[in-house]
Amino acid sequence: MTGGPDLTVVDAASAPAADAARVDADAVVDQLVDRAARASRVWGATSAAGRATALRLVADALDDSAGSLISIAMRETNLLEGRLKGELARTTFQLRFFADELEAGQLSQATIDHADVNWPMGAPRPDLRRHLVAVGPALVFAASNFPFAFSVAGGDTASALAAGCPVIVKAHSGHVELSVATAAVVTTALRAVGAPEGTFALVTGTENGRRALLHPALKAASFTGSIAGGRALFDLAASREEPIPFFGELGSVNPVFVTRAAADTRATEIAAGFLAAVAGSSGQLCTKPGVLVVPAGSPLLAELQEIQQLETHRLLNARIESGFERSLEWLHGNPKLTTLAHADGTPAGARGLSLYSTDANTFLEHAAELAEEHFGPAAVVVTYNDEVDQVRILREFAGQLTVSVFGEEADTAIESVRELVQLAQEKAGRVLWNQWSTGVSVTYAQQHGGPYPATTAPATTSVGAAAVFRFLRPVAYQGFPEALLPDGLKEANPLGIPRRVDGAVGVTR
Ligand code: NAP
């Protein structure tokens with residue numbers, strides 16, 4: 001790799017009020033994006049092996065700093081140590097996972113069509129060679145609820161860096177100290193490996209995020225957070241003279257449907273799994289099941305009514321606490337809902353699990369409001385009499401990250417269950433059978449996305465190997481001499497990567 005070592009963590013650009021300070025902050029943000037644009041050519045052209053080495057070094061450095069990072073995270077986010085340790089391990093795994101993907105040569109999707117005068121289309125086929133290249137500087141809006149895995153060095157940053165895009169992270173205001181500390185670790189590691197100046201930077205401050213998003217040199221942005229915030233930023237990205245892709249993950253209720261047979265057979269197990277999924281991380285997961293649809297009169301409902309309070313902890317920050325208080329005010333005492341459990345706040349500021357129920361007809365009549373996300377440890381149970389009601393209920397939901405169905409073997413032949421599963425894949429990016437949606441494994445086949453408002457880009461994922469494709473764009477070379485082709489598309493395949501040649505998949509020639 002080439003380039004200077006001067007990677008700077010910038011958190012000084014957070015100046016809020018005074019006009020003069022704003023002007024200064026704007027200049028700093030502009031400078032950062034300009035630097036990222038300059039770094040883009042070098043980082044984008046850095047070999048896959050070079051980028052893989054850099055990602056691994058960042059992962060190692062984060063592991064080495066685990067103790068101090070986790071203690072800051074505990075203080076700033078109220079999340080528990082075990083959860084944060086697991087999350088950091090997931091984060092460093094993710095960086096190494098993308099390093100492996102780079103080395104496997106999978107990311108460029110090189111495709112070669114040799115010229116063919118007999119191409120049956122009716123006209124000769126020219127020599128065409130297509131691969132993916134980095135889109136350019138990317139802005140990552142870090143999430144509040146995953147201070148490691150969806151934050152400064154999280155999946156968006158890892159996949160953008162793997163793609164060859166310099167990254168500017170907009171720190172989440174809920175964990176600024178952790179963001180600055182994590183950015184320092186990332187910066188030092190990238191500096192050690194000789195990444196070009198401008199490959200990575202951090203900004204804090206809401207206005208600075210907007211400024212960076214509007215900078216003409218920026219080429220893509222990603223986001224995890226609220227529907228209101230994500231939509232505002234998506235609209236801002238689209239309003240630019242050159243609109244850029246905005247990969248926002250906004251909101252999801254993740255409904256769960258339980259067939260009568262499953263409720264009769266596994267009431268205790270399903271009730272316990274549901275309560276654990278709602279209470280985990282105090283309900284602050286984008287994949288928390290927010291609505292459970294169960295047969296009326298089933299033992300499952302009785303199990304839920306016997307609710308044992310599970311351990312929850314204080315919510316992430318004051319903004320999320322006040323949002324959840326508003327949710328509870330709306331849910332509690334709502335004439336359309338019956339309260340199954342309503343937890344008061346503890347002296348330590350935690351909220352227990354709150355559960356409310358309604359019947360299918362009421363839900364269907366008021367679906368626009370009852371199918372809303374409530375970020376925190378609360379959920380709504382909907383009872384149905386007719387199995388087909390499950391399909392009617394799911395129809396009312398907007399785009400989701402996940403839809404889960406709990407059923408028995410015999411259910412797979414029931415028409416309404418098959419229709420439910422068919423509808424689930426229309427509504428969601430991930431459909432689960434007898435599993436809870438909360439865990440999102442980092443794998444090759446993972447899909448974490450879905451139709452709006454789950455995301456603003458339903459063809460993409462923010463978790464798993466395919467997350468990198470958000471930051472790549474295809475280029476085809478037509479009729480080029482060998483000497484001018486990029487290595488990945490040269491006839492001799494000097495990189496030895498798998499390619500699709502004349503339609504045949506996975507060849508290494
Ligand atoms: P948020 O308020 O949308 O903030 C996310 C990021 O976007 C922050 O960096 C924030 O900046 C920035 N931002 C938001 N609105 C903006 C605007 N109009 N202009 C410029 N920047 C803007 O999300 P949050 O704080 O993480 O959580 C709030 C709610 O989001 C939760 O209660 C929950 O409903 C939802 N949420 C959903 C998911 C999910 O995965 N679907 C995850 C987390 C949260 P600042 O930090 O500077 O304000």
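Segment 265-371 holds strands (runs of 3 or more DSSP E) entirely within its bounds, and those carrying 3 or more residues that are open to solvent by 20 Å² or more (accessible area, probe 1.4 Å) and away from the ligand (no atom under 16 Å from the Cβ) map to 338-341. Of the residues Leu88, Leu55, which is in contact (Cβ under 8 Å) with a residue 60 or more places away in the chain, crowded, with 21+ Cβ neighbours inside 10 Å and under 26 Å from Leu316 (Cβ atoms)? Going through Leu88, Leu55 in turn, just one is in contact (Cβ under 8 Å) with a residue 60 or more places away in the chain, crowded, with 21+ Cβ neighbours inside 10 Å and under 26 Å from Leu316 (Cβ atoms): Leu88. Please work out if Ser14 is open to solvent by 20 Å² or more (accessible area, probe 1.4 Å), among the hydroxyl-bearing types (Ser, Thr, Tyr) and modelled with pLDDT of 95 or more. It is false that Ser14 is open to solvent by 20 Å² or more (accessible area, probe 1.4 Å), among the hydroxyl-bearing types (Ser, Thr, Tyr) and modelled with pLDDT of 95 or more. For the structure I just gave you, tell me whether Asp113 is of a type in the set (Asp, Glu) and within 16 Å of the ligand (Cβ to nearest atom). No; evaluated as a whole, the condition is false for this residue. Of all positions in segment 162-179, at least one carries a residue that is part of a loop (DSSP other than H, G, I, E, B) and out of contact with any Pro (no Cβ under 8 Å at 6 or more places or on another chain). Among the residues of segment 155-182, those that are of a type outside the set (Val, Ile, Thr) and within 15 Å of the ligand (Cβ to nearest atom) comprise Gly155, Asp156, Lys170, Ala171, His172, Ser173, Gly174, His175, Glu177, Leu178, Ser179.
Taking segment 119-154 as the range and being away from the ligand (no atom under 12 Å from the Cβ) and outside any loop (DSSP other than H, G, I, E, B) as the test, the residues that pass are Arg125, Leu128, Arg129, Arg130, His131, Leu132, Val133, Ala134, Ala138.
Please determine whether any residue of segment 59-76 is in a helix (DSSP H, G or I) and touching a Cys at 6+ places or on another chain (Cβ under 9 Å). The answer is no, given that none of the residues of segment 59-76 is in a helix (DSSP H, G or I) and touching a Cys at 6+ places or on another chain (Cβ under 9 Å). Residues in segment 147-180 that are open to solvent by 10 Å² or more (accessible area, probe 1.4 Å) and touching a helix residue (DSSP H, G or I) at 6+ places or on another chain (Cβ under 6 Å): Lys170, Glu177. Being within 16 Å of the ligand (Cβ to nearest atom), in contact with a Pro (Cβ under 9 Å, 6 or more places away or on another chain) and closer than 18 Å to Ser354 by Cβ is not true of Val256.
Apart from one condition, Val140 fits all of (1) closer than 26 Å to Gly251 by Cα; (2) among the aliphatic types (A, V, I, L, M); (3) in contact with a strand residue (DSSP E or B) (Cβ under 6 Å, 6 or more places away or on another chain); (4) open to solvent by 10 Å² or more (accessible area, probe 1.4 Å); the exception is (4).
Phe200 passes every criterion in (1) open to solvent by less than 10 Å² (accessible area, probe 1.4 Å); (2) within 14 Å of the ligand (Cβ to nearest atom) apart from (2).
Report yes if some residue within segment 404-416 is outside any loop (DSSP other than H, G, I, E, B), under 28 Å from Asn78 (Cβ atoms) and open to solvent by less than 10 Å² (accessible area, probe 1.4 Å); otherwise report no. So that I can check it myself, show each step before the final result.
If we filter segment 404-416 for residues that are outside any loop (DSSP other than H, G, I, E, B), which is where we start, we get 404-406, 409-413, 415-416.
Adding the requirement that they be under 28 Å from Asn78 (Cβ atoms) leaves 404.
If we keep only those that are open to solvent by less than 10 Å² (accessible area, probe 1.4 Å) too, we end up with 404.
Yes - at least one qualifying residue is present in segment 404-416.
None of Thr346, Thr312 is among the hydroxyl-bearing types (Ser, Thr, Tyr), at pLDDT below 90 and farther than 22 Å from Asn254 by Cα except Thr346.
Checked against (1) within 16 Å of the ligand (Cβ to nearest atom); (2) open to solvent by 30 Å² or more (accessible area, probe 1.4 Å); (3) touching an Asp or Glu at 6+ places or on another chain (Cβ under 8 Å), Ala238 passes all but a single condition, namely (3). Inclusion of Gly333 among residues that are in contact (Cβ under 8 Å) with a residue 12 or more places away in the chain and of a type in the set (Gly, Ala, Ser) is not warranted.
So is Phe97 open to solvent by 30 Å² or more (accessible area, probe 1.4 Å) and assigned to a helix (DSSP H, G or I) or not?
Working: open to solvent by 30 Å² or more (accessible area, probe 1.4 Å): no; assigned to a helix (DSSP H, G or I): yes.
Judged against the criteria, Phe97 is not a match.
Going by the structure shown, is Phe223 within 25 Å of Phe93 (Cα to Cα), more than 10 Å from the ligand (Cβ to nearest atom) and crowded, with 24+ Cβ neighbours inside 10 Å? Against the criterion (within 25 Å of Phe93 (Cα to Cα), more than 10 Å from the ligand (Cβ to nearest atom) and crowded, with 24+ Cβ neighbours inside 10 Å), Phe223 does not qualify.
Checked against (1) surrounded by 15 or more Cβ atoms within 10 Å (Cβ to Cβ); (2) outside any strand (DSSP E or B); (3) on the phi < 0 side of the Ramachandran plot, Ala445 meets all criteria but (1).
Entry remark, segment 455-509: residues being within 26 Å of Ala149 (Cβ to Cβ) and touching a residue at least 60 places away in the same chain (Cβ under 8 Å) number 14 in total.
If you go through segment 427-442 and pick out every residue that is touching a Ser or Thr at 6+ places or on another chain (Cβ under 6 Å), open to solvent by 30 Å² or more (accessible area, probe 1.4 Å) and assigned to a loop (DSSP other than H, G, I, E, B), you end up with 1.
Pick from Leu301, Leu316, Leu285, Leu292: which is under 29 Å from the mean Cα position of the chain (by Cα) and closer than 17 Å to Tyr384 by Cβ?
Going through Leu301, Leu316, Leu285, Leu292 in turn, the sole match is Leu292.
The values are calculated or read from the model by the stated rules, or taken from the named source; none is laboratory data. Nothing here was measured: the structure is a model prediction, and the numbers come from that model. Don't worry about glycine lacking a Cβ; one is built from the backbone with ideal geometry, like all the others, and counts go over all protein chains shown. To get the accessible areas, we keep the full protein, side chains included, count just its heavy atoms, and leave off ligands, DNA and RNA. Shrake-Rupley method; radii C 1.70, N 1.55, O 1.52, S 1.80 Å.
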